[in-house]
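The values are calculated or read from the model by the stated rules, or taken from the named source; none is laboratory data. All figures in this text were calculated on a predicted structure; none of them were measured in a lab. We place every Cβ from the backbone using ideal geometry, glycine too, and count neighbours over all the protein chains shown. For accessibility, only protein heavy atoms count, side chains too; no ligands or nucleic acids. Shrake-Rupley method; radii C 1.70, N 1.55, O 1.52, S 1.80 Å.
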Amino acid sequence: MKCLKCQNEILKEAKFCSDCGSKLEIACSSCGKINPISSKFCIECGHKITIVSREQPFKELSFEEKLAKIQRYLPKDLTQKILAQRDKIEGERKQVTVMFCDMEGFTSLTEKLAQNKCIP
C-alpha cells in the first residue's frame with residue numbers, strides 16, 4: 001500500500017505516513033465517513049472506495065493546440081507576425097517578469113488624466 005500524498009510504501013497498521021506525515025485515511029465519496037486508507041468499501045454505507053489521483057499526467061500540446069491557445073489572447077496581426085518569424089524564434093526561451101495589478105479607481109483616474117491631456 002502507498003501513501004496518497006508522497007507515494008511512499010506504508011505499513012499495514014500505520015495511521016500516518018512515515019515519510020511525509022500525512023494521515024492515512026480517506027473519506028467515502030457517498031456518505032463522507034472517514035475510512036482507513038486500506039479500506040476497499042466504506043465501513044458506514046458499504047460504498048466502494050475509489051482513490052482518485054490528484055496529479056494529472058503532463059500532455060505535450062500539438063502545434064495546432066498551442067496556436068489555438070495563443071490566438072485566444074493575442075490580436076490576429078500579432079499572431080501572424082509571430083508565425084511569420086516562427087523559424088527564427090522556435091525553441092527560443094526568455095525569462096520575463098510579468099506584473100498583474102488591480103487598482104481601485106483606475107478607470108476614473110485614467111479618464112481624468114485623458115481630460116487633462118496627460119495621456120497622448
query = Residues Lys12, Lys88: which one is open to solvent by 90 Å² or more (accessible area, probe 1.4 Å) and touching a residue at least 24 places away in the same chain (Cβ under 8 Å)?
reply = Lys12
key: Matching residues, the range 84-103, being among the polar types (S, T, N, Q) and within 23 Å of Phe63 (Cβ to Cβ)   = Gln85
note = Of (1) open to solvent by 80 Å² or more (accessible area, probe 1.4 Å); (2) outside any loop (DSSP other than H, G, I, E, B), Thr79 fails just (1)
inquiry  = Looking only at residues that are aliphatic (A, V, I, L, M) and open to solvent by less than 60 Å² (accessible area, probe 1.4 Å) in the range 15-56, which one is modelled with the lowest pLDDT?
reply    = Ile37
Residue among Ala68, Ala114 that is at pLDDT below 80, surrounded by 10 or more Cβ atoms within 10 Å (Cβ to Cβ) and small (Gly, Ala, Ser) = Ala114
The range 82-113, residues that are farther than 15 Å from Lys66 by Cβ and either of a type in the set (Lys, Arg) or part of a helix (DSSP H, G or I) (or both) = Ala84, Asp87, Lys88, Lys94, Phe106, Thr107, Ser108, Leu109, Thr110, Glu111, Lys112, Leu113
